[in-house]
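Remarks on the structure that follows.
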Amino acid sequence: MIAWKFLAPDARGPFTGFRWPRPEGGRPGPWVSAPEGTPWEKWIFACRRGDLPFWLDEELWRAELSGAVRESEYQVAAARARLVERVAAWDAAARLAFGESCALAARDAAAAALEAAGERAAAASLRGASGLAQIQAAAEGLQAGAQPAGGYVADAARTARAGRAATAGYAAAVLAAAVAGPPAAERERARQSEWLALRLGL
Amino acid sequence: MRPPVPTEMSCRELVELVTAWHEGALSMADRTRFEMHLCLCTGCRGHLEQMRRTIEVTGRLAEADVSPAAREDLLRAFRDFVRGKGGPR
(Lines give C-alpha, C1' and ligand atoms only; values in the text may rest on other atoms or scores of the structure.)
Protein backbone atom coordinates (compact mmCIF):
# COMPACT_ATOMS: atom_id res chain seq x y z
CA MET A 1 0.00 0.00 0.00
CA ILE A 2 1.30 3.46 -0.85
CA ALA A 3 0.72 6.18 1.69
CA TRP A 4 2.44 9.42 2.69
CA LYS A 5 4.53 10.37 5.65
CA PHE A 6 5.32 13.85 6.93
CA LEU A 7 8.74 14.13 8.54
CA ALA A 8 10.85 16.82 10.17
CA PRO A 9 14.02 18.02 8.36
CA ASP A 10 16.58 15.32 7.50
CA ALA A 11 13.87 12.66 7.36
CA ARG A 12 13.43 12.61 11.13
CA GLY A 13 10.25 11.42 12.78
CA PRO A 14 8.60 14.64 13.98
CA PHE A 15 7.74 13.25 17.41
CA THR A 16 10.18 10.41 18.09
CA GLY A 17 13.21 11.89 16.34
CA PHE A 18 13.74 8.55 14.55
CA ARG A 19 15.98 8.98 11.52
CA TRP A 20 14.33 7.27 8.59
CA PRO A 21 16.70 5.58 6.14
CA ARG A 22 16.35 7.46 2.90
CA PRO A 23 16.09 6.16 -0.64
CA GLU A 24 19.38 6.05 -2.50
CA GLY A 25 20.28 5.74 -6.14
CA GLY A 26 16.67 5.78 -7.22
CA ARG A 27 15.82 2.83 -4.98
CA PRO A 28 13.51 2.90 -1.97
CA GLY A 29 15.06 3.08 1.45
CA PRO A 30 15.42 -0.08 3.55
CA TRP A 31 12.39 -1.46 5.31
CA VAL A 32 11.75 -0.38 8.87
CA SER A 33 9.80 -2.90 10.95
CA ALA A 34 8.03 -2.78 14.27
CA PRO A 35 9.38 -5.56 16.51
CA GLU A 36 7.47 -8.84 16.29
CA GLY A 37 4.46 -8.85 18.57
CA THR A 38 4.25 -5.06 18.85
CA PRO A 39 0.61 -3.95 19.28
CA TRP A 40 -0.72 -2.06 16.27
CA GLU A 41 -0.93 1.18 18.23
CA LYS A 42 2.88 1.22 18.19
CA TRP A 43 3.39 0.35 14.54
CA ILE A 44 4.53 2.81 11.90
CA PHE A 45 2.00 5.51 11.06
CA ALA A 46 1.38 7.21 7.76
CA CYS A 47 -1.29 9.27 6.04
CA ARG A 48 -3.96 8.48 3.54
CA ARG A 49 -4.75 11.38 1.25
CA GLY A 50 -7.57 12.63 3.48
CA ASP A 51 -5.33 12.57 6.55
CA LEU A 52 -2.68 14.89 5.14
CA PRO A 53 -3.94 18.26 6.46
CA PHE A 54 -3.86 16.98 10.04
CA TRP A 55 -0.16 16.08 10.02
CA LEU A 56 1.64 18.72 7.94
CA ASP A 57 5.35 19.01 8.55
CA GLU A 58 8.44 20.13 6.70
CA GLU A 59 9.13 17.11 4.50
CA LEU A 60 6.63 14.87 2.73
CA TRP A 61 7.59 11.38 1.60
CA ARG A 62 5.85 8.72 -0.38
CA ALA A 63 5.96 5.58 1.75
CA GLU A 64 5.27 1.95 1.02
CA LEU A 65 3.52 -0.01 3.74
CA SER A 66 3.58 -3.78 3.93
CA GLY A 67 2.61 -6.62 6.19
CA ALA A 68 -0.41 -6.10 8.35
CA VAL A 69 -2.01 -2.69 7.84
CA ARG A 70 -4.62 -1.18 10.11
CA GLU A 71 -6.66 1.92 9.37
CA SER A 72 -7.54 4.28 12.20
CA GLU A 73 -9.44 7.52 12.32
CA TYR A 74 -6.74 9.95 11.31
CA GLN A 75 -3.97 7.72 10.00
CA VAL A 76 -3.01 4.25 8.89
CA ALA A 77 -0.66 1.94 10.77
CA ALA A 78 1.58 -0.75 9.32
CA ALA A 79 4.01 -3.25 10.74
CA ARG A 80 6.61 -2.41 8.03
CA ALA A 81 7.28 0.64 5.94
CA ARG A 82 9.94 2.22 3.79
CA LEU A 83 10.42 5.60 2.19
CA VAL A 84 10.07 5.50 -1.57
CA GLU A 85 10.73 9.08 -2.58
CA ARG A 86 10.46 12.60 -1.28
CA VAL A 87 7.61 14.71 -2.62
CA ALA A 88 9.76 17.60 -3.78
CA ALA A 89 6.76 19.79 -4.57
CA TRP A 90 6.05 20.14 -0.83
CA ASP A 91 8.46 22.99 -0.25
CA ALA A 92 8.40 26.41 1.42
CA ALA A 93 6.45 27.93 -1.47
CA ALA A 94 3.85 25.17 -1.30
CA ARG A 95 3.51 25.56 2.46
CA LEU A 96 2.96 29.28 2.04
CA ALA A 97 0.44 28.75 -0.77
CA PHE A 98 -1.43 26.15 1.27
CA GLY A 99 -1.61 28.54 4.21
CA GLU A 100 -2.84 31.29 1.94
CA SER A 101 -5.60 29.05 0.57
CA CYS A 102 -6.70 28.39 4.16
CA ALA A 103 -6.66 32.07 5.07
CA LEU A 104 -8.80 32.83 2.00
CA ALA A 105 -11.24 30.06 2.91
CA ALA A 106 -11.41 31.42 6.46
CA ARG A 107 -11.94 34.97 5.18
CA ASP A 108 -14.83 33.88 2.96
CA ALA A 109 -16.48 31.72 5.62
CA ALA A 110 -16.24 34.51 8.18
CA ALA A 111 -17.57 37.12 5.74
CA ALA A 112 -20.58 34.92 4.89
CA ALA A 113 -21.34 34.36 8.57
CA LEU A 114 -21.00 38.05 9.39
CA GLU A 115 -23.28 38.99 6.54
CA ALA A 116 -25.89 36.49 7.72
CA ALA A 117 -25.65 38.03 11.20
CA GLY A 118 -26.26 41.53 9.82
CA GLU A 119 -22.66 42.68 10.26
CA ARG A 120 -22.47 43.98 6.70
CA ALA A 121 -19.68 46.48 7.17
CA ALA A 122 -17.45 43.89 8.81
CA ALA A 123 -18.23 41.37 6.07
CA ALA A 124 -17.41 43.90 3.35
CA SER A 125 -14.18 44.84 5.07
CA LEU A 126 -13.05 41.22 5.09
CA ARG A 127 -14.18 40.50 1.53
CA GLY A 128 -12.26 43.51 0.27
CA ALA A 129 -8.98 42.23 1.69
CA SER A 130 -6.66 40.20 -0.50
CA GLY A 131 -3.19 38.94 0.27
CA LEU A 132 -2.22 37.61 3.67
CA ALA A 133 -1.09 40.90 5.21
CA GLN A 134 -4.28 42.66 4.18
CA ILE A 135 -6.49 39.84 5.39
CA GLN A 136 -4.72 39.78 8.74
CA ALA A 137 -5.02 43.56 9.13
CA ALA A 138 -8.70 43.57 8.13
CA ALA A 139 -9.50 40.73 10.54
CA GLU A 140 -7.59 42.33 13.40
CA GLY A 141 -9.44 45.58 12.81
CA LEU A 142 -12.90 44.07 13.25
CA GLN A 143 -15.04 45.15 16.18
CA ALA A 144 -16.18 42.93 19.03
CA GLY A 145 -19.42 42.06 17.22
CA ALA A 146 -17.42 40.29 14.52
CA GLN A 147 -15.69 37.94 16.93
CA PRO A 148 -14.68 35.17 17.27
CA ALA A 149 -14.74 34.76 13.48
CA GLY A 150 -12.36 37.68 12.97
CA GLY A 151 -9.88 36.20 15.40
CA TYR A 152 -9.74 32.89 13.55
CA VAL A 153 -9.25 34.66 10.23
CA ALA A 154 -6.42 36.71 11.74
CA ASP A 155 -4.86 33.53 13.14
CA ALA A 156 -5.08 31.78 9.77
CA ALA A 157 -3.46 34.71 7.95
CA ARG A 158 -0.77 35.31 10.59
CA THR A 159 0.30 31.66 10.78
CA ALA A 160 0.19 31.28 7.01
CA ARG A 161 2.55 34.25 6.69
CA ALA A 162 4.89 32.55 9.13
CA GLY A 163 4.89 29.37 7.04
CA ARG A 164 2.97 27.45 9.70
CA ALA A 165 0.72 25.65 7.26
CA ALA A 166 -0.69 23.15 9.76
CA THR A 167 -1.88 25.90 12.08
CA ALA A 168 -3.42 27.89 9.24
CA GLY A 169 -5.35 24.79 8.17
CA TYR A 170 -6.46 24.17 11.72
CA ALA A 171 -7.67 27.76 12.15
CA ALA A 172 -9.70 27.52 8.94
CA ALA A 173 -11.32 24.25 10.08
CA VAL A 174 -12.09 25.56 13.55
CA LEU A 175 -13.63 28.70 12.06
CA ALA A 176 -15.78 26.61 9.71
CA ALA A 177 -17.02 24.57 12.66
CA ALA A 178 -17.67 27.70 14.72
CA VAL A 179 -19.73 29.51 12.10
CA ALA A 180 -21.45 26.66 10.23
CA GLY A 181 -21.11 23.49 12.29
CA PRO A 182 -19.08 20.28 12.01
CA PRO A 183 -20.11 19.40 8.41
CA ALA A 184 -18.63 22.72 7.24
CA ALA A 185 -15.38 21.89 9.01
CA GLU A 186 -15.33 18.50 7.35
CA ARG A 187 -15.80 20.18 3.97
CA GLU A 188 -12.94 22.54 4.78
CA ARG A 189 -10.63 19.63 5.66
CA ALA A 190 -11.69 17.87 2.45
CA ARG A 191 -10.89 21.06 0.51
CA GLN A 192 -7.46 21.13 2.11
CA SER A 193 -6.82 17.49 1.15
CA GLU A 194 -7.88 18.18 -2.42
CA TRP A 195 -5.67 21.24 -2.57
CA LEU A 196 -2.66 19.22 -1.43
CA ALA A 197 -3.36 16.34 -3.79
CA LEU A 198 -3.72 18.67 -6.76
CA ARG A 199 -0.73 20.88 -6.00
CA LEU A 200 1.58 17.99 -5.11
CA GLY A 201 0.37 15.54 -7.73
CA LEU A 202 -0.51 12.86 -5.18
CA MET B 1 -17.70 10.27 10.32
CA ARG B 2 -14.52 11.49 12.03
CA PRO B 3 -14.48 14.92 13.63
CA PRO B 4 -12.69 17.34 11.28
CA VAL B 5 -11.35 19.11 14.34
CA PRO B 6 -10.49 16.57 17.07
CA THR B 7 -10.98 17.50 20.69
CA GLU B 8 -8.30 20.02 21.43
CA MET B 9 -5.44 19.41 23.81
CA SER B 10 -4.08 22.38 25.72
CA CYS B 11 -0.37 23.02 26.19
CA ARG B 12 -0.79 22.40 29.92
CA GLU B 13 -2.41 19.02 29.28
CA LEU B 14 0.37 18.08 26.88
CA VAL B 15 3.04 18.89 29.44
CA GLU B 16 1.21 16.74 31.98
CA LEU B 17 1.03 13.83 29.54
CA VAL B 18 4.51 14.00 28.09
CA THR B 19 5.95 11.30 30.36
CA ALA B 20 3.05 8.96 29.61
CA TRP B 21 3.58 9.62 25.89
CA HIS B 22 7.29 8.80 26.19
CA GLU B 23 6.41 5.57 27.95
CA GLY B 24 3.84 4.63 25.33
CA ALA B 25 1.14 4.64 27.97
CA LEU B 26 -1.43 6.91 26.28
CA SER B 27 -4.59 5.57 24.69
CA MET B 28 -4.70 5.79 20.91
CA ALA B 29 -7.16 8.69 21.09
CA ASP B 30 -5.01 10.68 23.52
CA ARG B 31 -1.85 9.90 21.59
CA THR B 32 -3.48 11.21 18.41
CA ARG B 33 -4.57 14.42 20.16
CA PHE B 34 -1.10 14.75 21.70
CA GLU B 35 0.70 14.39 18.38
CA MET B 36 -1.74 16.61 16.49
CA HIS B 37 -1.13 19.32 19.07
CA LEU B 38 2.60 19.01 18.36
CA CYS B 39 1.91 19.65 14.67
CA LEU B 40 0.38 23.00 15.61
CA CYS B 41 2.39 24.23 18.57
CA THR B 42 6.02 25.19 18.19
CA GLY B 43 6.38 25.73 21.95
CA CYS B 44 5.29 22.20 22.82
CA ARG B 45 7.41 20.82 19.99
CA GLY B 46 10.41 22.53 21.60
CA HIS B 47 9.46 21.12 24.99
CA LEU B 48 9.30 17.59 23.61
CA GLU B 49 12.66 18.03 21.89
CA GLN B 50 14.22 19.19 25.16
CA MET B 51 12.77 16.16 26.94
CA ARG B 52 14.12 13.84 24.27
CA ARG B 53 17.59 15.35 24.48
CA THR B 54 17.57 15.15 28.26
CA ILE B 55 16.69 11.47 28.09
CA GLU B 56 19.41 10.89 25.49
CA VAL B 57 22.02 12.61 27.64
CA THR B 58 21.09 11.14 30.99
CA GLY B 59 20.10 7.69 29.80
CA ARG B 60 17.00 5.82 30.74
CA LEU B 61 16.17 5.43 34.41
CA ALA B 62 13.09 3.37 35.20
CA GLU B 63 11.39 3.42 38.58
CA ALA B 64 12.60 -0.13 39.16
CA ASP B 65 16.21 0.99 38.71
CA VAL B 66 16.09 3.18 41.83
CA SER B 67 17.15 1.34 44.99
CA PRO B 68 14.70 1.45 47.93
CA ALA B 69 17.19 3.49 49.97
CA ALA B 70 17.69 6.04 47.20
CA ARG B 71 13.96 6.22 46.64
CA GLU B 72 13.36 6.94 50.33
CA ASP B 73 16.09 9.63 50.34
CA LEU B 74 14.50 11.33 47.34
CA LEU B 75 11.00 11.21 48.80
CA ARG B 76 12.28 12.66 52.08
CA ALA B 77 14.07 15.45 50.24
CA PHE B 78 10.93 16.34 48.29
CA ARG B 79 8.76 16.23 51.42
CA ASP B 80 11.14 18.53 53.31
CA PHE B 81 11.39 20.88 50.35
CA VAL B 82 7.62 21.34 50.20
CA ARG B 83 7.03 21.55 53.96
CA GLY B 84 9.37 24.11 55.27
CA LYS B 85 12.12 25.25 52.98
CA GLY B 86 10.44 27.63 50.62
CA GLY B 87 9.26 25.12 48.06
CA PRO B 88 5.99 25.24 46.19
CA ARG B 89 2.86 24.08 48.01
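A few points about this structure:
- The residues of chain A expose, per residue, 44 Å² of accessible area to a 1.4 Å probe.
- Heavy-atom accessible surface of the protein assembly as shown: percent carbon and sulfur, 1.4 Å: 54
- Of the peptides A:150-156, B:67-73, A:93-99, the order by per-residue mean of other Cβ atoms within 10 Å, starting with the highest, comes out as A:150-156, A:93-99, B:67-73.
- Pairwise burial A:B, computed as accessible area of each alone minus the pair, summed, 1.4 Å, Å²: 2300
- The calculated P(r) of the protein assembly as shown, using every Cα pair and 10 Å bins from 0, goes 6, 24, 30, 20, 13, 7, 1, 0 in percent.
- Here is how the number arises for chain A: DSSP H runs of 4 or more residues each give -39500 (n - 2.57), the sum is divided by the residue count, and the result at 222 nm is -14500 deg cm²/dmol.
- At least 30 Å² accessible surface lost relative to isolated chain, residues of the stretch A:61-89 (1.4 Å probe): A:Glu73, A:Tyr74, A:Gln75
- Simple point charges give the picture: +1 on the Cβ of Lys and Arg, -1 on the Cβ of Asp and Glu, and for the stretch B:11-82 a dipole about the Cα centre of about 180 debye.
- Dipole magnitude (debye, nearest 20) for chain A, charges at Cβ of Lys, Arg, Asp, Glu: 360
- 0 to 90° range, to nearest 10: angle between helix A:165-180 axis and chain A longest Cα axis: 50
- Orientation-averaged projected area, Cα convex hull of the stretch B:11-82 (nm²): 6.2
- Environment charge at A:Ala94 (Cβ cut-off 14 Å; Lys +1, Arg +1, Asp -1, Glu -1): -1
- Legend: mean number of C-beta atoms from other chains within 10 angstrom of residue C-beta atoms, peptide B:28-41, equals 5.
- Summing charges over all other residues whose Cβ lies under 14 Å from the Cβ of B:Val18, with Lys and Arg as +1 and Asp and Glu as -1, gives 0.
- Relative contact order of chain A, defined on C-alpha pairs under 8 angstrom at six or more residues apart (%): 20
- Amide H contacts of A:Glu85: A:Arg62, each under 5 Å away and 5 or more positions distant or on a separate chain (H built 1.01 Å from N in the peptide plane; Pro and chain starts excluded).
The values are calculated or read from the model by the stated rules, or taken from the named source; none is laboratory data. All figures in this text were calculated on a predicted structure; none of them were measured in a lab. Using ideal geometry, Cβ is built from the backbone for each residue, glycine included, and neighbour counts are taken over all protein chains shown. Keep in mind that these areas ignore ligands, DNA and RNA; they rest on the heavy atoms of the full protein, side chains included. Shrake-Rupley method; radii C 1.70, N 1.55, O 1.52, S 1.80 Å.
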